[in-house]
1. So in the stretch B:115-159, with the set limited to residues that are of a type in the set (A, V, I, L, M, F, W, C) and within 14 Å of chain A (Cβ to nearest Cβ), which one is farthest from B:Asp175 (Cα to Cα)?
2. Determine if the stretch B:144-164 includes at least one residue that is at pLDDT 95 or above, under 30 Å from B:Thr183 (Cα atoms) and among the basic types (Lys, Arg).
3. What are the pairs with Cβ atoms under 7 angstrom where one residue, in the stretch B:26-41, is within 14 Å of chain A (Cβ to nearest Cβ) and surrounded by fewer than 16 Cβ atoms within 10 Å (Cβ to Cβ) and the other, located anywhere, is acidic (Asp, Glu) and assigned to a strand (DSSP E or B)? Sequence gap at least six, or different chains.
4. Which residue is modelled with the highest pLDDT, if the candidates are limited to the stretch B:42-69 and must be surrounded by 14 or more Cβ atoms within 10 Å (Cβ to Cβ) and among the aromatic types (Phe, Trp, Tyr)?
5. Report, by residue number, each residue of the stretch B:209-225 that is touching a residue at least 60 places away in the same chain (Cβ under 8 Å) and assigned to a strand (DSSP E or B).
6. Provide a single number: the residues in the stretch B:193-222 that are more than 14 Å from chain A (Cβ to nearest Cβ) and crowded, with 17+ Cβ neighbours inside 10 Å.
7. For the stretch B:113-126, how many residues meet the condition of being modelled with pLDDT of 95 or more, surrounded by fewer than 17 Cβ atoms within 10 Å (Cβ to Cβ) and more than 30 Å from B:Thr85 (Cβ to Cβ)?
8. When only residues in the stretch B:42-59 that are farther than 21 Å from B:Phe81 by Cα and not in a loop (DSSP other than H, G, I, E, B) count, which is nearest to the other protein chains (Cβ to nearest Cβ)?
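The values are calculated or read from the model by the stated rules, or taken from the named source; none is laboratory data. The structure presented is a predicted model; accordingly, all values stated were derived computationally and were not measured. Virtual Cβ from ideal backbone geometry, glycine too; neighbours counted across all protein chains shown.
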Amino acid sequence: MARRSPSLAERHANCYAECVNRRQFARIALGTPAVLMSAQTESLGPADYTINIAPYSLELSRHSFIKTIAYNAQVPGPLIRLQEGKLATIEVVNRTASEEIVHWHGLFLPSEIDGSMEEGTRMISPGSKTRYALMPRPPGFRWYHTHSFAGHNLNKGTYTGQHGFLFVEPRDNPGRYDAEVFLALHDWKGHLLASDDGSMRAAYDVSTVNGRVLGFGEPLKVKANQRVLFHILNSSPTEVHWVALSGHEFEVTALDGNIVPSPKRVPMLRLAPAERVSAIVEMRQPDVWVLGEVRKHIQAAGMGIVLEYAGQNGNPEWQQPEKLEWDYTLFARPPAPTPVEDAVTEIPLVFKPKFTGHGAMERWTINGKSFPHTDTITLQRGQRYRLRLKNESTDDHPIHLHRHSFELSQLPGGRSGRGILKDTVLADANMETWIEFTADDPGLTLFHCHQQDHMDMGFMMLFRYA
Amino acid sequence: MFSVLFASLFCTLPLAAQGNYEIQVYGSDTVAPGTTMLELHSNFTISGQKYQINGVYPTYHQEHESVEITQGINDWSEVGFYIFTSEQNGHGMQWVGDHIRPRVRVPTSWHWPIGVSISTEIGYQRPIYSLDTWTWEIRPILDKAIARWYFAVNPALERTWHGPDVHQKLGFAPDAKVSYDFTKEISSGVEYYADYGGLYAFDSFHDQQQQFFVAFDLNVSPNWEINFGIGVGATAATDHLIFKAILGRRFSWRKSTAID
C-alpha cells in the first residue's frame, strides 16, 4: 500500500529503457507514431510487459471458485505503469481457445493497436502473440481490457476477469499523497434474467473488489494521518456502482484519469462501467472500516473491502448512507462570466432500444441503425465537435469514445460540466447529454455504450477522419 | 417483467361437473417477496351444458368471477388463495368454493436453463357446482422464453378426496401454452387445457375435456397482468365456447429505496 518501490516489471522496463539506444527509440517513435508491430520491436529484446491471456480459476471467497479468463493468472491483471511520452512495448500472448483482443482504454493510440477490431486492430489468434510498441499518452489512470464479443455467452468478453490497471505517469507528478491504492469493482456469475423493461438482461450472483468478496483476502492497511490516493475502476460488464468508505470522505481529484478543474470532497463515488475516479482520502479515523457498495444487496453480494488502520482490529464498521449521491458538475470549472462559444459542429445521436422478444436482449440503435449498419461519420481534423447524446431509453448508458478525450459541455438539466475531460460518460435515461471533443487523432474511432450486452447488440458506431 | 403469469384450468371435472373458474397456464415465476398479486378471473360460458345433471347446475351462460390473492413469501415461494363465484339467470350470484395454493420454484440463482416450479392446490367447491367437493392437485410447471416465443407446460395431476371421482385416484389434466411477442406490449398464442381422466386409465375421447384458446397478453406494465381469450371445446364433455379474461395487479408492501 505504501508508495512502493518499483516492481520487477518496472525495474525491467527501466533497464530496457536504458539499454535500448536513443536512435532505436527515435526510429520507433518517429517512424510510426505509437506503434511498431512484432518484427521490429522483437529485435529490441524482451517486452516491458507481457500479458498472458489464459483460463484461470479465481477464488472469489473461501473455497468458492469461478472459472474465467484472466491476465497473468490474476484478477485484476498486473498493474502496468508507463511513463508519459516514453515508448513502451507490451507483448500479449493468447493462451485461450478463441480469438482475443486487448483495448488500451483511455490512451490515444493509433487505430491499428487501440484494441478494437471495428477500428482495424487485428485479433490475436489462439496460441499466438502480438507485441505492441506504444507511446503512452495522456497521463493518468487508464486501464486495459478485452474488447471481444460476448453475445449471450456470459463467460466471455468483459464478463471475464480480463481487465487491469494502466497508469501513465505524468512527466511531473504534483500529487501530494503517501500511498496509492488501485481497486477494481466487478460483477461475476452473470445470467440472463427477465427485467422490468420487458427484455432479458444480465444479472449477477457475486460482486467483488479486486476479485474478492468483502471479508475475503487481505484488508487495505493504512496509517493514521496518511493521505491515500485511491484509483477506483468500475470494470463491471454492465453495472453502475456506488462506493463509500465509512467514516471518511473522498476528495475527487481526477475523473477517468484526467485532473478535474474543481476537486471536491464527496461522501461517495458513482462509477459507470469503464469509468475511473481518482480520489484522496485523509486517514483521520483510526479504526477498521468497510469500503463498499452503498446499495445493500450489492454489498451483500460481496462488493466491499476492509480498510484497517495500523494497530486497529475488530469487526469492520459500515455506516449505511441513506441515499445515493453523485453529480459530475461538482467538479466542473466555475462558469465564466461570458461563455465563449467556439465554432463547434453539432452531431445529434439518438439512442433507442429495439424490442426483439421477451426472451431476448434488446437490440440498440444509434440514429435508428444498429452496428454494423450505423452511419460512419466523417470528421475534419482540427474541428471541434459537439455530440448531442439523446438517450430515448429507460436505461442509463456509459458512453465511451475511443482514442480521444471529451469535455462534458452540458449535462441533463442544462448544467455545465465544462472543464471535465473524460473518455466515458453516463448518459442518463430519457435525457440529453452534450459532450465535445476536438478531432485531433486521425484514424477510425469507435464510439459505443460500454455495457457489454448493449455493444454486442448494436450500440456502436465509427467516426472516420476525412 | 417480461413474463405474464400464465394460467390453467384448476378444476376440470367430469361430465356432470363444472370447471372454468380459473383458466390459466402457469408460468414458473412466483410473486416477489413483500408483494401481493390480486387477480380477477372472469369467464363466461357462451355455449355449454344446458341441463342440470345429478343436481349440478348447467354451465350454459354462467358467469364465473374468481378472485385470486397471491402473496410472495421469498424469491422462490408464494401462497395463493381463491374465492370462486358464479352468476346465472335464476340462481343469482353464488359462492362456489375456495382453494389454497402454495407454490415453490427453482431459484434463479440455480441458473437452470428453463423455469421450473411446482404448485399444489387444495380446496372445496359446493356440490351444486361440482359433485367432487374436496380436491387436491399437484402441478409441475415448466416454461421457457426464446426470443419472441414463449412455451409453458403444466402436466397437472388431480386427486378427488370426496365425491364420485374418488375411485379414479390420480387424474391427468395437462395444460400448455405457446405464444409469440408481436410487440413489446402484445403477445398472442394458443392455450391448451385438458382432462384425460384417470392417469392409468384415460377416459374415452368423448368423455375427455379438450379445450383450445386463442389468447392475448397485454404487457402494459410490470405491475399489471392482462390476459383474455376465446376458447372452444373439442369434445362432447367440454364446454363448447368460453370467453375468459384475467386482470391482475401487483401491490408491493416493501418500502424499498435506492440503497436497498
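1. By that ranking, first place goes to B:Ala147.
2. Within the stretch B:144-164 (the criterion being at pLDDT 95 or above, under 30 Å from B:Thr183 (Cα atoms) and among the basic types (Lys, Arg)), the answer is yes, since at least one residue qualifies.
3. Listed pairs, sorted by first residue: none to list.
4. Ranking the qualifying residues of the stretch B:42-69, first place goes to B:Phe44.
5. B:Gln209, B:Gln211, B:Phe213, B:Asp217, B:Glu225
6. Total satisfying the criteria: 14.
7. Residues meeting the conditions: 2.
8. Among those residues, the one meeting the criterion is B:Phe44.
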